[in-house]
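Notes follow once the structure below has been shown.
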Amino acid sequence: MIPRSFLDRVAEKESWEALASALPPGANSLPLFKVLALQQWLHLSDDELVAEIEDRASLRRFCGFHADESLTAAVAVREFRQQLGPGGSAALDAFLRRWPLHGAPPPLLSVVSPVYCAEEIVGEFVRNVRDVLEKITPAYEIILVEDGSDDGTWKHVEATCASDSRVKGVKLTRNFGQHQAITAGLEHARGEFVVVMDCDLQDDPAFIPSLYEKAREGHDVVLTARGDRAHGWIKNIFARFFASVLNDLAGGIPADAQVGGYSILSRRAVNAFRGVGDVHRHYLVIVRWLGFPIAHVPVVHRPRYRGNSSYSFWKLARHAIDGWISHSNRLLYTSVAMGFTFLFGSIAGTVLVVVLYFVQGFAQGWPSIVVLILICTGAILVSLGVLGIYVGKIFDQVRARPLYVVERTVNAADDAPSR
């Protein structure tokens, strides 16, 4: 419910003439603009919104509809939203920031998806997700975080946001990385439950109701288990290798190569995730580290809807190294253990040489010496490299630079911190 005093204050204080200049021309532009603002405050679908305005005189009066006037149909609301364009969407964002409705109920579900070079996928992804969410609740939002794509992805995000105010776009200034983009989405998400999924439609939105039902049972974290990953065999082997090494290094809840980032978090888990300030981050590793009990839902992993993954082999390798080193210091102990191994080996070798010299003589062997030098040198360089990577990570962390920087938003408040 929106207090009448709040609506009266907005109607009296807002500069409507200046605001109307940013809207598409037409006699109904300003009333329909107010209708869209009411939708944001009330979190209602188009049909429910029209019914609510018809039932409440205060809402009709705020929008400028007379008591005996036929109210605009829901289809006209959708058409106006499509005509609004980036300028009108920005005006709506600014209006809602000027007039936040304190105590307004947050949406029940938020869907966060990082998008990168996905101009051919965005529209289909939103349609699929929206069809599923409509069956659960009208109180939802879809947050698309555009991670510095070099194609027309943002234009498609803007067009999708213009057609539905519950779709929110967040554009980052450059490519900060998938997991930073997920963090940006979680910072902007307001839902009681938040679904995290990729936009390539390999994660089937049809499983969102299963995730939601499992979360409603009291689980703060629900992850998805995929029997067969629809990737190439090289990528699948790499995923298993990454999970195996991570388990050896990090300890705690073991990682599973078949468990993906498609998941749902409770508001409590989202708030805890937002409190983690790691510069180098991996979404699933942090979620496991939080310590909330984890439930799993089996899903089917589908082939990519269109295009190719942006993760090359070297990007995957770098991502794996970041994951191993950023979330465990055991490699340092491994380096120390390697040093002691060579130390004890050299002592044993020295003793053996002395004994053989007095017992039966010891012929000089240049190849063996060269091999030992190369092995020791390699061990030293590996140890220094591990130490150097850790020092670099410490340097990145203490610089305290933000994890991401937001360039602009559509249908979303831009006051969420860039951290």
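The values are calculated or read from the model by the stated rules, or taken from the named source; none is laboratory data. The structure presented is a predicted model; accordingly, all values stated were derived computationally and were not measured. Note that we place each Cβ from the backbone using ideal geometry, even for glycine, and neighbour counts take in every protein chain shown. Quick note on the areas: whole protein, heavy atoms, side chains included, nothing else; ligands and nucleic acids left out. Shrake-Rupley method; radii C 1.70, N 1.55, O 1.52, S 1.80 Å.
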*Give the calculated FRET efficiency between Ala11 and Val382 to the nearest 0.05, with a Förster radius of 60 Å applied to their Cβ-Cβ distance.*
0.30
*asked:* So for each of 107-115, 55-63, 21-29 I average, over its residues, the number of other beta carbons within 10 Å; can you give me the resulting order with the highest mean first?
replied: 107-115, 55-63, 21-29
*Summarise the accessible area of the range 131-183 (1.4 Å probe, protein heavy atoms) by the percent that is carbon and sulfur.*
47 percent
*Suppose R0 equals 30 Å; then what is the FRET efficiency for Met1 and Thr173 from their Cβ-Cβ distance, rounded to the nearest 0.05?*
0.15
_Length added when fully stretched, Ile136-Ser58, from 0.36 nm per residue minus Cα-Cα_ = 25.2 nm
*Based on the mean of other Cβ atoms within 10 Å per residue, sort peptides 400-406, 136-142, 189-195 so the most packed one is first.*
189-195, 136-142, 400-406
